Amino acid sequence: MLCSCAAMNAAQPSATTGASTLSESESSSQSTSSSGQTSSALSADSELSSSDTDASWSEQGACIITLNNTTATVSSTGAAASGGKVTVTKAGTYIVRGSLGNGQIIVSAGSRDDVRLVFDGVSLTCKNSAALEVLSCDKLILTLAKGTSNTLTDGSDYSLSQAEEDGPDAALFSKSDLTVNGSGALIVKGLYQNAVNCKDSLKLVSCTLTAEAENDAVKGKDCIIAKGAVIKVTAVSDALESSGSTKSGSGLIILEQCRVTVSAGGDGIQAAGAALLTGTDFTAVTGGGSANSINAGSNQFGGGYTASTQTDAVSAKAIKAQTEIVINGGSISIDSADDAIHSDCAVVIESGNINIDSGDDAVHADDTLTVKNGAISIKQCYEGLESMKLTIAGGIIDITADDDGLNAAGGNDSSSLGGRPGQNSFSSSSEQYLKISGGRISIDAGGDGIDINGSVTMTAGTLTVNGPLSDGNGALDYDTGFQMTGGTIAAAGSAGMAMAPDTTSSICSVLINFDSALAAGTTVRIQDENGKTVIAFTPVKQFQSLALSCSALKNGQTYTVYTGGTVSGADAQGLCLGGTASGGTETETFTVESAVTTIGKSSINPGGPGGWHP
């Protein structure tokens, strides 16, 4: 089932990563741009024209605008100056130099006119309106001259008439397409509300932009497309926002090969369409960070995000998009009071290094969440990866969660870090699933290690769980089956709800329930009849149950369980396949007679019928 998001493309091509193939039903839903491309095929280049990327300019034939503290002068036609106000009315190149303590540049050209402003060392302040206001033109190209620093500042109070309710609200305000390019730097200070507000398409190409705002910092209604840009944003509310319009594919944010640093009271990225980060270094602190988990309202599954209904005060997510979020390469570092990464439809992590501290979910998608590759380190969160449909095909994933590590069961109201109500939730459905076909997943969970209100399939990869201490949760928790045909599992936790993969599996499992809890750091190993270690695991938390699954456990073979002692060759997660063992206490000998062998007692069916060793 595809989620019912706006601008979704129902045709979904399969994607292949290594030996793992994602079927059409597993692939994420994909949004389309105005050019008709799906978001997986979108890039900054597909959205940029030659005029966006061309930062060359010459004084020959250009109009020179000189700012002289209190007045301005122009050198030729196409622009007029009156005191400290300059108005540009025709297409052409205008080179601006100097400073004004209280002035304004207005662009009011024809609807087909392209206007290029070259900032060559500009400091412009307007105390009662936008410093640079674009009323009309086809496109304004603001080129920052090499080696220059340029500043736009507005006042804290605008003088707007009743007729100007839709008037300027930012130091840099444009009703037309706006492109900022060039290797210089631009600092925009929005003391009234916003720093940059473009009512059309905003494009940032190979420039350096610093924006500070009392409300939202950088807004592009139809889209924000950035390539090769350095962006530093401080906002009381949202940092980067594209709220969308009636145009197909609007609400798109693309950050490609950028360096972005965000400090926002609200959302770091807010896209009414898709958000695509490719090769981008993105650092964000939102809502004061994970230590400041706040009441962000209810985000129920299927609730339907709209920018107009979720106010800045109740959303402090680092990356938020309605249709799809795609991360491909780069480095992501997030400290968020709310969800770190949140989509009302799909999240796809192609690759990249992602580090998260979250006051709520680390990564949430209402419909599908797919991890193909990359390194994901979640040091703090309420729930780690959460979606109706979870697919992990590769990557290295480390999760420390206050509740569930992998969740396809829905959030628990009033249960975020700090006790914030309004968690994401799903209804129980047979369509919910977890599919693991590769990667290395390590979970330290206060609740369930995995909590799936549906089925689990595992064909490859490694899953280690240091699970709950409470008998009300389990290291593995699923509803309709767990078929394991490849890979390795070591899942430790409490014994009350202990489960293992089910009896339809071709990989054999042993579920060991101890009479009493064992201390953190106690190694449990299984040896074959020749005294060779088959599998060993050393949990980092107290545990009373341990599920072990690997291809070396063979039907009809007899094994011995040891507790304590040491095993050489363990990985950083405490898992060892083979290795040399010494010491320990022999606790049980068993013979594998089916896919699931249970030692000791559990209060629930541990994985369907199997060998039982009381």
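At-a-glance table
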item	result
Test: residue in region 320-333 that is open to solvent by 10 Å² or more (accessible area, probe 1.4 Å), over 22 Å from G265 (Cβ atoms), modelled with pLDDT of 95 or more and of a type in the set (S, T, Y)	yes
Test: K139 is open to solvent by 10 Å² or more (accessible area, probe 1.4 Å), in contact with a helix residue (DSSP H, G or I) (Cβ under 8 Å, 6 or more places away or on another chain), in contact (Cβ under 8 Å) with a residue 12 or more places away in the chain and of a type outside the set (S, T, N, Q)	yes
Residue identified as modelled with pLDDT of 95 or more, more than 23 Å from Q193 (Cα to Cα) and in contact with a helix residue (DSSP H, G or I) (Cβ under 9 Å, 6 or more places away or on another chain) among I254, I225	I254
Residues within region 56-84 that are free of Cβ contacts under 8 Å to residues at least 24 places away in the same chain, buried (at least 16 other Cβ atoms within 10 Å of the Cβ) and either under 43 Å from the mean Cα position of the chain (by Cα) or part of a loop (DSSP other than H, G, I, E, B) (or both), tallied	2
Given (1) among the hydroxyl-bearing types (S, T, Y); (2) open to solvent by 10 Å² or more (accessible area, probe 1.4 Å); (3) within 41 Å of the chain's Cα centre (by Cα), index of the condition S545 fails	(2)
Filter result for R116 (farther than 21 Å from G220 by Cβ and either in contact with a helix residue (DSSP H, G or I) (Cβ under 7 Å, 6 or more places away or on another chain) or of a type outside the set (A, V, I, L, M, F, W, C) (or both))	no
Residue under evaluation V218, criteria (1) in contact (Cβ under 8 Å) with a residue 40 or more places away in the chain; (2) closer than 22 Å to K175 by Cβ; (3) of a type in the set (V, I, T), criterion not met	(1)
Strands (runs of 3 or more DSSP E) fully within region 500-596 counting 2 or more residues that are in contact (Cβ under 8 Å) with a residue 40 or more places away in the chain and touching a Lys or Arg at 6+ places or on another chain (Cβ under 6 Å)	533-537
Top-ranked residue in region 589-608 [being modelled with pLDDT under 95 and over 17 Å from I507 (Cα atoms); ranked as most open to solvent (accessible area, probe 1.4 Å)]	K601
Residue within region 471-491 that is polar (S, T, N, Q), open to solvent by 10 Å² or more (accessible area, probe 1.4 Å) and closer than 23 Å to E588 by Cα present	yes
Candidate set from region 429-445 (those that are open to solvent by less than 40 Å² (accessible area, probe 1.4 Å) and of a type outside the set (A, V, I, L, M, F, W, C)); member that is nearest to N513 (Cα to Cα)	S442
Test set (1) at pLDDT below 95; (2) touching a Leu at 6+ places or on another chain (Cβ under 7 Å); (3) farther than 30 Å from L255 by Cβ - S33 fails condition number	(3)
Neighbours by Cβ (under 6 Å, 6+ apart or cross-chain): first from region 267-287, within 23 Å of D360 (Cβ to Cβ) and open to solvent by 10 Å² or more (accessible area, probe 1.4 Å); second small (G, A, S) and not in a loop (DSSP other than H, G, I, E, B)	T283/S333; V285/S263
Check on D339, among the charged types (D, E, K, R), at pLDDT 95 or above, touching a His at 6+ places or on another chain (Cβ under 7 Å) and not in a strand (DSSP E or B)	yes
Qualifying residues in region 250-266 (those that are touching a Cys at 6+ places or on another chain (Cβ under 8 Å) and buried (at least 24 other Cβ atoms within 10 Å of the Cβ)) - the one nearest to D45 (Cα to Cα)	I254
Condition met for G411 (modelled with pLDDT of 95 or more and open to solvent by 10 Å² or more (accessible area, probe 1.4 Å))	no
When residues of region 39-55 are limited to those that are open to solvent by 40 Å² or more (accessible area, probe 1.4 Å) and acidic (D, E), the one modelled with the lowest pLDDT	D45
Strands (runs of 3 or more DSSP E) within region 143-201 that include 1 or more residues of a type in the set (K, R) and either on the phi > 0 side of the Ramachandran plot or modelled with pLDDT of 95 or more (or both)	185-190
Counted residues, region 92-127 - those being more than 20 Å from A170 (Cβ to Cβ), open to solvent by 50 Å² or more (accessible area, probe 1.4 Å) and either touching a residue at least 40 places away in the same chain (Cβ under 8 Å) or not in a strand (DSSP E or B) (or both)	3
The lone exception for V236 - which of (1) out of contact with any Asp or Glu (no Cβ under 9 Å at 6 or more places or on another chain); (2) open to solvent by 10 Å² or more (accessible area, probe 1.4 Å); (3) hydrophobic (A, V, I, L, M, F, W, C) it fails	(1)
Residue within region 293-316 that is modelled with pLDDT of 95 or more and crowded, with 24+ Cβ neighbours inside 10 Å present	yes
Sole residue being more than 25 Å from S293 (Cα to Cα), in contact with a Lys or Arg (Cβ under 6 Å, 6 or more places away or on another chain) and either surrounded by fewer than 20 Cβ atoms within 10 Å (Cβ to Cβ) or not polar (S, T, N, Q) (or both), chosen from K247, K227, K221	K221
Close pairs from region 197-212: first among the small types (G, A, S), partner surrounded by fewer than 19 Cβ atoms within 10 Å (Cβ to Cβ) and part of a loop (DSSP other than H, G, I, E, B), Cβ under 9 Å, at least 6 apart	S206/S183; S206/G228
Residue check for G244: under 26 Å from the mean Cα position of the chain (by Cα), in a loop (DSSP other than H, G, I, E, B) and farther than 30 Å from G359 by Cα	no
Sole exception among (1) in a loop (DSSP other than H, G, I, E, B); (2) under 20 Å from D267 (Cβ atoms); (3) open to solvent by 10 Å² or more (accessible area, probe 1.4 Å) for D403, by number	(2)
Residue list for region 237-254, filter: without any contact (Cβ under 8 Å) to a residue 60 or more places away in the chain and over 11 Å from I269 (Cα atoms)	S245, T246
Counted residues, region 367-388 - those being part of a strand (DSSP E or B), open to solvent by less than 10 Å² (accessible area, probe 1.4 Å) and not aliphatic (A, V, I, L, M)	5
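The values are calculated or read from the model by the stated rules, or taken from the named source; none is laboratory data. Quick caveat: nothing in here was measured; it's all calculated off a predicted structure. Cβ sites come from the backbone with ideal geometry, for glycine too, and all protein chains shown count toward neighbours. Ligands, DNA and RNA are stripped out before the accessible areas are found, and what is left, the full protein with its side chains, is counted by its heavy atoms. Shrake-Rupley method; radii C 1.70, N 1.55, O 1.52, S 1.80 Å.
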